[in-house]
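The values are calculated or read from the model by the stated rules, or taken from the named source; none is laboratory data. Every value quoted in this text rests on a predicted model; they were computed, and no experiment measured them. Neighbour counts run over all protein chains shown; Cβ positions are idealised from the backbone, glycine included.
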Amino acid sequence: MNIILLGPPGAGKGTQARYLVDTRNMIQLSTGDMLREAKDSGTEMGKVVADVMARGDLVTDEIVIGLIREKLEGDKAGGFIFDGFPRTLAQADALAELLEEKGETLDAVIEMQVDDAALVSRITGRSTCGDCGEVYHDQTKPWPADGKCSVCGGTNQKRRADDNEDSLKQRLMEYYKKTSPLIGYYYAKGQLSSVDGLGEIDGVRAAIAGILDA
Ligand code: ADP
């Protein structure tokens, strides 16, 4: 089963994707994570995308489609979760073609709905464990006082360079201009389901499970 998690920055796509990886043996394909890895490893492509990402702009379709194409060549386990991809109509068309080439289907597109006010507070307080990827939030789930990640014991707390108010404004603008049209696109294709992303993490998990198991 292959699915897309669609929603603005901070909607909780990454959190839900991690859970699906753990419980359904799916493979998370996060273009944001792939681009951050490229940036950290200092490759040519990483240098090109670093400023674009820090500003909150979108990286070119060509680059991200190339990244996804490579990953589709590998193991598909329980299926792919596309997280943060597609983000433009051109990417959506490219994904449809890639899946068709591989004889794969797109089984669900899950839109996670959250209002903008919640996004600002979610994102500006966010940090993650650099070792295991666990997500923390200054108000709702603070990094443990002993300095150690509660999951893996690592001490490498990370904040993203683009998790600040200015970049977030630009990321939201990009989302509304370029990504939100995908909601209509997938609705028209009969593939869209929506969940309320504002509730508790467990409630959102249950809503997503309801869609996947329907
Ligand atoms: P978020 O959903 O929190 O904004 P991501 O980690 O998905 O964060 O993406 C971070 C940044 O990486 C984006 O702001 C953009 O610059 C770049 N990026 C990620 N995925 C794509 C994509 N599919 N197309 C273009 N740019 C992307």
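General observations
- For segment 83-113, filtering for residues that are hydrophobic (A, V, I, L, M, F, W, C) and at pLDDT below 95 leaves 0.
- Wholly enclosed strands (runs of 3 or more DSSP E) of segment 85-191 bearing at least 2 residues within 20 Å of MET26 (Cα to Cα): 108-113
- The set of residues in segment 96-127 that are hydrophobic (A, V, I, L, M, F, W, C), under 27 Å from ASP162 (Cα atoms) and in contact (Cβ under 8 Å) with a residue 40 or more places away in the chain comprises VAL109, ILE110, MET112, VAL114, ALA118, LEU119, VAL120, ILE123.
- Pairing residues of segment 14-30 that are among the β-branched types (Val, Ile, Thr) with residues that are within 16 Å of the ligand (Cβ to nearest atom), at Cβ distances under 6 Å and at least 6 apart in sequence or on separate chains, gives THR15/VAL135; VAL21/GLN28; ILE27/PHE80.
- Count of residues meeting criterion [over 16 Å from LYS13 (Cα atoms) and touching a Lys or Arg at 6+ places or on another chain (Cβ under 8 Å)] in segment 175-214: 1
- Count of segment 9-29 residues which are more than 7 Å from the ligand (Cβ to nearest atom) and part of a loop (DSSP other than H, G, I, E, B): 4
Yes/no matrix, rows are residues, columns are (1) closer than 19 Å to ARG171 by Cα; (2) touching a strand residue (DSSP E or B) at 6+ places or on another chain (Cβ under 7 Å); (3) aliphatic (A, V, I, L, M):
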position	(1), (2), (3)
GLN16	no, yes, no
TYR19	no, no, no
ALA50	yes, no, yes
VAL59	yes, no, yes
ILE63	yes, no, yes
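- Members of segment 136-147 found to be surrounded by 15 or more Cβ atoms within 10 Å (Cβ to Cβ) and either over 21 Å from GLN16 (Cα atoms) or touching a Lys or Arg at 6+ places or on another chain (Cβ under 8 Å) (or both), listed by number: TYR136, HIS137
- Any hit, segment 73-80, residues being over 24 Å from GLU165 (Cβ atoms) and surrounded by 17 or more Cβ atoms within 10 Å (Cβ to Cβ): yes
- Residues (of a type in the set (Gly, Ala, Ser) and either more than 16 Å from LEU106 (Cβ to Cβ) or under 16 Å from the mean Cα position of the chain (by Cα) (or both)) located in segment 195-214: GLY197, GLY199, GLY203, ALA206, ALA207, ALA209, GLY210
- Any pair with Cβ under 7 angstrom, 6 or more apart, that starts in segment 50-66 at a residue that is closer than 27 Å to THR124 by Cβ and ends at one that is more than 7 Å from the ligand (Cβ to nearest atom) and part of a loop (DSSP other than H, G, I, E, B): ALA54/ALA161
- All positions within segment 30-76 that are small (Gly, Ala, Ser) and near the ligand (Cβ under 8 Å from one of its atoms): SER30, GLY32, GLY56
- Residues in segment 62-84 that are part of a loop (DSSP other than H, G, I, E, B) and farther than 17 Å from LYS13 by Cα: GLU73, GLY74, ASP75, LYS76, ALA77, GLY78.
- Test result for ARG55, of a type in the set (D, E, K, R), over 24 Å from LEU212 (Cα atoms) and buried (at least 17 other Cβ atoms within 10 Å of the Cβ): no
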